[in-house]
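The structure under discussion appears below in the form of structure tokens.
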Amino acid sequence: MILFLSCITIRLNFCISSIPFSLKALPLEGHFSFDELDLKNAAKDFGNRYQSHPMTVLHPKSVSDIAVTIKHIWNLGPSSHLTVAARGHGHSLQGQAQAEEGVVINMESLNVEEIKVYGGEFPYVDVSGGELWIKILHETLKYGLAPRSWTDYLHLTVGGTLSNAGVSGQAFRHGPQISNVQKMEIVTGWYFGENEKNYFFFVNKHVQDMNKG
């Protein structure tokens, strides 16, 4: 029995140690960082209450990089114990953007097109989830426009505030930020096929729940 347990331990350690190599082998435009300073920064946030050290930090250059990574982790199965967390400007309060021994995705590394402002009768702006609200404000002001609802502190990322609905002083009039989103791109890492419609309704219900909260 002792020998059997020892074999399980050795095999498990081997599988875990091979994960970094499998991540490095992924065909990405960006890269994984195993630098100690990078990992240390990803283990902290504005709340300064929790420090969960990740295995690696993904610096994606495209949405495809994120999709490929998530699909790979999904295929590894639950035995890998890998978790994934998206990190913007690091202003979460309770470790939401941390992943203990997992993968932290640095959303600010996304190499996306510049902020696009569309005018007309119903103006809107097309931005990345890693974009700062302060930059969006400066860009939209060039067109005489501004976001209908924003947080009181603007050096936050779009994805970060939308994940918490985005409640601010303007919410009583225009609703939270999530209520003013016309379209959202969600990265899953796999194709849903016939279940795509069900997944859409699942996400839509989550957004509605945030609006109620």
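General remarks:
- Histogrammed with a bin width of 10 Å, the alpha carbon distances of segment 25-181 distribute as 11, 35, 32, 18, 4, 0 percent, first bin at zero.
- Our note on the geometry: Cα centres of segment 68-99 and segment 138-176, 26 Å apart.
- Near-label residues of segment 149-178 by backbone N, under 11 Å of a point 7 Å along Cα→Cβ of SER62: none
- Selected from LEU76, THR56, LEU93, residue furthest toward positive end of dipole (segment 40-101; charges at beta carbon): LEU93
- Among ASP152, ASP126, ASP38, ASP45, a tally of other beta-carbon atoms within 10 Å of each Cβ gives an order, fewest to most, of ASP152, ASP126, ASP38, ASP45.
- Cβ crowding within 10 Å, taken as a proxy for footprinting-reagent exposure, orders HIS59, HIS31, HIS174 from fewest neighbours to most as HIS174, HIS31, HIS59.
- Percentage of interatomic Cα-Cα distances in segment 2-109 larger than 17 Å: 54
- Approximate shape of segment 19-69 as ellipsoid semi-axes (Cα gyration tensor, √5λ), whole Å, largest first: 23, 12, 9
- Remark: for residue pairs LYS44/LYS135; LYS44/LYS183; LYS44/LYS116, the C-alpha separation exceeds 29 Å in LYS44/LYS183; LYS44/LYS116.
- Only Lys, Arg, Asp and Glu carry charge here, each on its Cβ (+1 for the first two, -1 for the last two); on that basis segment 78-167 has a dipole of about 160 debye about its Cα centre.
- Radius of gyration, Dmax [segment 93-174; alpha carbons; angstrom]: 14.3, 48
- Loop-located chymotrypsin sites (Phe, Trp or Tyr not before Pro) across segment 95-153 with a Cβ neighbour count of 13 or fewer within 10 Å are TYR143, TYR153, with loop assigned by DSSP.
Here, each number is a calculation from the coordinates, and none is a lab measurement. These figures come from a predicted structure and were not determined experimentally. FYI the Cβ positions are ideal-geometry reconstructions off the backbone, even for glycines, and counts take in every protein chain you see.
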